[in-house]
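Comments concern the structure below.
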Amino acid sequence: MSVAKKQYKRITVKSLVEMKANGEKISMLTAYDYTMAKILDSAGLDVLLVGDSASNVMAGHETTLPITLDQMIYHASSVVRAIERCLVVVDLPFGSYQSDPKEALRSAIRIMKESGGHSIKLEGGKEVKESIKRILNAGIPVMGHLGLTPQSIYKFGTYTVRAKEEEEAEKLMEDALMLERIGCFAIVLEKVPAKLAQKVAEALTIPIIGIGAGNGVDGQVLVTHDMVGMTHEFHPRFLRRYLDLYADMTGAFKSYVDDVKSGDFPSDKEQY
């Protein structure tokens, strides 16, 4: 017998825990600007992540490391102004929380006060435990992030799948349990084996959101620009492209150029 899903007018961190308990999968995509966030929110997404992936997608950097706290606040503010339903999670960027729990708290407070975001996300396990506790003690909801942590790319040297070996898999499980214990409301698992991700999801009561972590978790997240095909050079196994906007938009722009060059645009009906 199927159970009717609860209708949420506004998604909160409590809503996500309820969704996991009720067996309802959580949908999450990235957003960096007002217009895209407005579309995503109206489409019924549960969570919008203002990701530090803006460093790649919006600014063209090779890694997520260059984006600043001020820039993250700018992107988050733009997204929050568009939202009626979604929970907005904002990444703490590289360098804004790793060195000192007090700095981590200051960074999180700036995001919450200046952007209006609903929660923050940061990468790492026990090595950032004190920073997370300090932020949580201030009443700021925290989403964890384990597995492939892009801010540590120069440590790992590659974007390959993480936790394939037993020792790293055990550490990931320990870190996930620790993040739940100290009060995180959810965890993103990025590029880890599907069996391990499912094991983590089954061991925890908080939601596990996967990206390249299989279907045994509680929800999924992708970069919006990847899944609608605006970026076309990126082809990881976990990515499903729902549109090919690169081709469609390129075609539209070329048509515009042709119409302007030929004098076809604007027509008599398109002028005053």
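Data table
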read-out: K129 basic (K, R), in contact with a helix residue (DSSP H, G or I) (Cβ under 6 Å, 6 or more places away or on another chain), outside any loop (DSSP other than H, G, I, E, B) and over 17 Å from T12 (Cβ atoms); value: no
read-out: Helices (runs of 4 or more DSSP H) contained entirely in region 20-108, each with at least 1 residues that are open to solvent by less than 10 Å² (accessible area, probe 1.4 Å) and closer than 16 Å to K121 by Cα; value: 54-57, 69-80
read-out: Criterion (at negative phi and assigned to a loop (DSSP other than H, G, I, E, B)) met by exactly one of L172, L239; value: L239
read-out: Out of I132, I120, sole residue that is touching a strand residue (DSSP E or B) at 6+ places or on another chain (Cβ under 7 Å), touching a residue at least 40 places away in the same chain (Cβ under 8 Å), surrounded by 15 or more Cβ atoms within 10 Å (Cβ to Cβ) and among the β-branched types (V, I, T); value: I132
read-out: Some residue of region 137-152 being touching a residue at least 24 places away in the same chain (Cβ under 8 Å) and more than 18 Å from the chain's Cα centre (by Cα); value: yes
read-out: For L243: the one exception among (1) of a type in the set (A, V, I, L, M, F, W, C); (2) in contact (Cβ under 8 Å) with a residue 12 or more places away in the chain; (3) open to solvent by less than 80 Å² (accessible area, probe 1.4 Å); value: (3)
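The values are calculated or read from the model by the stated rules, or taken from the named source; none is laboratory data. Being a predicted model, the structure only gives us computed values, none of them experimental. Ideal geometry is used to build each Cβ from the backbone, glycine not excepted, and the neighbour counts take in all protein chains shown. Just so you know, the surface numbers come from the protein's heavy atoms only, side chains and all, with ligands and any DNA or RNA stripped out. Shrake-Rupley method; radii C 1.70, N 1.55, O 1.52, S 1.80 Å.
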